[in-house]
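This report concerns only the one structure given below.
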Amino acid sequence: MERRKATNVYAAASGCLGSHDDFPIMPKGTDPMSCVSRNRVPQPFFLVSEHDQVLLLFSGKSRVELPGSTLKESELKAGEALYIPAGQPSRVVPLTESVQLKWRGEPGGWEAAVWYCSRCHQEVFVKEFNTAEQLPQECYWQACQEFNADAGARTCASCGAVCDPAELSDIHWPEVAQDIRQHSADGDAA
């Protein structure tokens, strides 16, 4: 997928490899950065970012879960947007296949992938990373691999429930990261 100064979001979404790609579609250094995703499966974790984010749903229907917020969750239909303040955990759960645009801080910064216990809602596993130093997709993949590989990491310290491994069947973050790096090498920015 190529980054441009202007783009057709639907055309960009057609190049998505899987769900939650968050593929940057503007030239490197654009702040905020526009990132496109075509989502079919729930985001494997809750994302916490040091930057504010805005989600705009272009098509379909999604629920955004917001633990710890007075809102708790928000259902978005095509054309609706949601502001997610810095530090607020969020997880996108598509209710139908959906095309989403997310505006993220550029350059990146500190983020965390967080899993919560489905029984008592306490934090089970947290993986922090700096997306200014490494592509977010690589960080997300690494966090999921660590969570899935260790049953102890998936066990709630509060109630003892064991979380299921993260579902990654429609997640292609290693390939997305490779695509971003390839376009960077070709001079398309990244």
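Does residue 103 qualify as being within 25 Å of residue 72 (Cα to Cα), in contact with a Phe, Trp or Tyr (Cβ under 8 Å, 6 or more places away or on another chain) and either of a type in the set (Asp, Glu) or in a strand (DSSP E or B) (or both)? Taking the combined requirement at face value, the residue does not satisfy it. Scanning segment 110-120 for residues that are surrounded by fewer than 19 Cβ atoms within 10 Å (Cβ to Cβ) and free of Cβ contacts under 8 Å to residues at least 60 places away in the same chain yields 118, 119, 120.
Would you pick out the residues in segment 8-48 that are of a type in the set (Gly, Ala, Ser), over 10 Å from the mean Cα position of the chain (by Cα) and outside any helix (DSSP H, G or I)? Spell out the reasoning first.
So in segment 8-48, the residues of a type in the set (Gly, Ala, Ser) come out as 11-15, 18-19, 29, 34, 37.
Narrowing the set further to residues that are over 10 Å from the mean Cα position of the chain (by Cα) leaves 11-15, 18, 29, 34.
If the condition is that a residue be of a type in the set (Gly, Ala, Ser), over 10 Å from the mean Cα position of the chain (by Cα) and outside any helix (DSSP H, G or I), then 15, 18, 29, 34 are the ones that fit.
Please work out if residue 180 is outside any loop (DSSP other than H, G, I, E, B) and either basic (Lys, Arg) or crowded, with 20+ Cβ neighbours inside 10 Å (or both). So residue 180 passes the test.
Looking at residue 123, is it more than 15 Å from residue 20 (Cα to Cα), charged (D, E, K, R), surrounded by 13 or more Cβ atoms within 10 Å (Cβ to Cβ) and free of Cβ contacts under 8 Å to residues at least 24 places away in the same chain? I'd like the intermediate steps shown before the answer.
Numbers: more than 15 Å from residue 20 (Cα to Cα): yes; charged (D, E, K, R): yes; surrounded by 13 or more Cβ atoms within 10 Å (Cβ to Cβ): yes; free of Cβ contacts under 8 Å to residues at least 24 places away in the same chain: yes.
In short, yes.
Applying the selection to segment 54-81, what residues are free of Cβ contacts under 8 Å to residues at least 12 places away in the same chain and assigned to a strand (DSSP E or B)? Result: 72, 73, 74.
Considering only segment 75-94, I want to know if a residue exists there that is among the acidic types (Asp, Glu), at pLDDT 95 or above and over 15 Å from the mean Cα position of the chain (by Cα). Reasoning before the result, please.
First, the residues of segment 75-94 that are among the acidic types (Asp, Glu): 75, 80.
If we keep only those that are at pLDDT 95 or above too, we end up with 75, 80.
Checking which are over 15 Å from the mean Cα position of the chain (by Cα) leaves us with 75, 80.
Yes, segment 75-94 contains a residue that is among the acidic types (Asp, Glu), at pLDDT 95 or above and over 15 Å from the mean Cα position of the chain (by Cα).
Based on what the data block shows, is residue 180 hydrophobic (A, V, I, L, M, F, W, C) and touching a Ser or Thr at 6+ places or on another chain (Cβ under 8 Å)? Answer is no for this residue.
The values are calculated or read from the model by the stated rules, or taken from the named source; none is laboratory data. Worth saying up front: this structure is predicted, and the values here are computed from it rather than measured. When we count neighbours, we look across all protein chains shown, and the Cβ atoms used for this are built from the backbone with ideal geometry, even at glycine.
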